[in-house]
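Right, one structure below, let's go through it.
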Amino acid sequence: MVGTSSDLPNPYGDESSFGQSSESALVKRIKIRDKQRLLWTQVTTVPGSGLARILVISIATSLTAIFAYGYGQKYIGFGVILFILQAALLLPTLLASTFAKMSARDRLQLKVEGKRSMEAYPGVERIINTLHERTLRERTRFLCAILAAGTLNSVDNFDTGTVLESILFGLTLFFGIIALLNTFQLESRIPMTDSDFPLLSLHAPTTHHSTLDRVLSDLVVAHLDPETAGSWDDWVNGLENKVRSNQTPNSAVEHLLRVLHLNHLGLLDDERLVSESKRVFRVAAIDDLNNEDSKFCFRTLRRIMAHTRAWQPGLFRLIDRLEDAALRGHSSLIESKWRLDLDIPPRCSQGQGDLFVMLHNHSGKTSQVEVDIIAADGEPHHQTLRLNPPSSRQPKKPAKMGEEGNDIVDVLGKLIDNCLVLWIGLAWPKGSTGSKPVQVNLRGPNGETVSSYVVRTTLSSGFNPEGATEKMLDAAVAVRRIAISVSD
């Protein structure tokens, strides 16, 4: 009797172990390479080692220039020793970058919830390319140090003659300068030094929603690397039975991020932070948040918030102004039917910038409004968005700290939950520089102009404290600063 198709083995079925062995082997390989990465990264980041690498190559290159002018040539052997020492100092950094690249590539090949590889997440290619470029630069400066030692040694040990000697000195100086330039650039930031989120400092947001539903949660997730984003999704989904009955995992996490920000501002102490967390989480979730070994606990969430704050200070400036208006009882908040606030970086690099718009509807009813965004010489020059901002309960008096029914935590939470936040990317033609005005108009349900603001940003092609590269550096420094303060 011929069996049915259901009797046949299905290598792709839910109960099949097909593919699990290769996944397990990949996890083991990641652990082995991570141990090597951590070892060589620790050697690379020994206090004073970065300064030593810069000083040695600087002195060696300067001495080569002096030798080339015909001075102190009896000390050429000392110059050779310096270049060999530089190569020895660069070997750990080369190994650290090599293992970092291999570890990152393997990490991003893992599957999220057993369904799809993390390679499908935006930003993966940038991370891999960044690590690949760093490995090439590490190899270049290591090889240049070896070649510089070899060419300088040839001058010291062979009768080269005047012409050949000049050529060898020139080659040595060339190799030394290449190694020096790469050293200055590479020593500014060493990747994957964070044990909690090794790929976080390498990630730059590429795509995002123009409307933020859960304001802080959506902003945080947009700035997480693919590996951390997958872990974040698993963490939030795992909170289903760990939140209070009047909460969902998403609303509880949003409340937690808000109180973490207020704690950062100094408005809430650590004791109040825990008590506010207990309002939305059950005991099991609170135990996890207090557990230093948990992937997401108070310590690691502070670091993620510091990373996000360094990337997008504009939105946090909006929240801070909203909190200040609530505490002072500003007329724009307690008297006006509509409140419009916006923020754009003072300086934008590479012709790009992020505009954040926060809109509160205190009219008492849901209405469709229009938001006009006009960027001088921008691409596009004019954008019109038709929106339906939710109706928000208008505060009647200034909020107070700890006042029942009017506490700043509750007031700010309701204002943020019931507002409309836009995250709009602006662009200008390549090569544009100078001050550029951006106008935002709010038109009411009947087409009347309710609010109109003009802000300015300066386009710069050079160093920009809020440019993408500088933000990555600031985010890495902010996360490291939080880690040091917590450990102390």
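The values are calculated or read from the model by the stated rules, or taken from the named source; none is laboratory data. Because the structure is a prediction, the values reported are computed rather than measured. Methodologically, a virtual Cβ is constructed for each residue, glycine included, from the backbone with ideal geometry; neighbour enumeration extends over all protein chains shown.
For this structure, a couple of remarks:
- Of all residue pairs spaced 6 or more apart or on separate chains, those with beta-carbon atoms under 6 Å, a first member in region 145-167 that is farther than 28 Å from LEU94 by Cβ and a second member that is hydrophobic (A, V, I, L, M, F, W, C) and part of a helix (DSSP H, G or I) are GLU165/VAL155.
- Taken as a whole, the condition of being buried (at least 17 other Cβ atoms within 10 Å of the Cβ), touching a residue at least 40 places away in the same chain (Cβ under 8 Å) and within 21 Å of the chain's Cα centre (by Cα) does not apply to LEU268.
- Qualifying residue in region 283-306 (condition: closer than 23 Å to LYS400 by Cα, buried (at least 19 other Cβ atoms within 10 Å of the Cβ) and not aromatic (Phe, Trp, Tyr)): no
- Residue count for region 305-343, restricted to those that are touching a Phe, Trp or Tyr at 6+ places or on another chain (Cβ under 9 Å) and outside any helix (DSSP H, G or I): 5.
- Against the numbered list (1) closer than 25 Å to ASP218 by Cβ; (2) hydrophobic (A, V, I, L, M, F, W, C); (3) at pLDDT below 90, LEU385 comes up short only at (3).
- Residue match in region 182-194 (condition: touching a strand residue (DSSP E or B) at 6+ places or on another chain (Cβ under 6 Å), touching a residue at least 12 places away in the same chain (Cβ under 8 Å) and either within 21 Å of SER294 (Cα to Cα) or not hydroxyl-bearing (Ser, Thr, Tyr) (or both)): no
Quick grid of which residues meet (1) of a type outside the set (D, E, K, R); (2) surrounded by fewer than 21 Cβ atoms within 10 Å (Cβ to Cβ); (3) under 18 Å from LEU315 (Cβ atoms):
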residue: ILE344; (1), (2), (3): yes, no, yes
residue: ARG347; (1), (2), (3): no, yes, yes
residue: HIS360; (1), (2), (3): yes, no, yes
residue: PRO380; (1), (2), (3): yes, yes, no
residue: ARG386; (1), (2), (3): no, yes, no
residue: LYS397; (1), (2), (3): no, yes, no
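- Residue within region 410-424 that is closer than 20 Å to TRP338 by Cα and of a type in the set (Phe, Trp, Tyr) present: yes
- Qualifying residue in region 94-111 (condition: at pLDDT below 95, touching a Lys or Arg at 6+ places or on another chain (Cβ under 8 Å) and not in a helix (DSSP H, G or I)): no
- Residues considered: LEU224, LEU257. Of these, the only one that is crowded, with 16+ Cβ neighbours inside 10 Å and in a loop (DSSP other than H, G, I, E, B) is LEU224.
- Yes/no for MET358 being at pLDDT 90 or above, under 19 Å from GLY413 (Cβ atoms), in a strand (DSSP E or B) and not small (Gly, Ala, Ser): yes
- Candidate set: region 267-293, residues that are of a type in the set (Asp, Glu) and part of a loop (DSSP other than H, G, I, E, B); chosen: the one farthest from LYS242 (Cα to Cα): ASP269
- So HIS209, is it touching a residue at least 40 places away in the same chain (Cβ under 8 Å), touching a helix residue (DSSP H, G or I) at 6+ places or on another chain (Cβ under 9 Å), surrounded by 18 or more Cβ atoms within 10 Å (Cβ to Cβ) and not in a strand (DSSP E or B): no
- Meets criteria (acidic (Asp, Glu), surrounded by 16 or more Cβ atoms within 10 Å (Cβ to Cβ) and closer than 25 Å to LEU301 by Cα) for ASP194: yes
- Flag for VAL243 being at pLDDT 90 or above and within 20 Å of the chain's Cα centre (by Cα): no
- Leading residue by the ranking (surrounded by the most Cβ atoms within 10 Å (Cβ to Cβ)) among those in region 135-174 that are of a type in the set (Ser, Thr, Tyr) and either part of a helix (DSSP H, G or I) or in contact with an Asp or Glu (Cβ under 8 Å, 6 or more places away or on another chain) (or both): THR172
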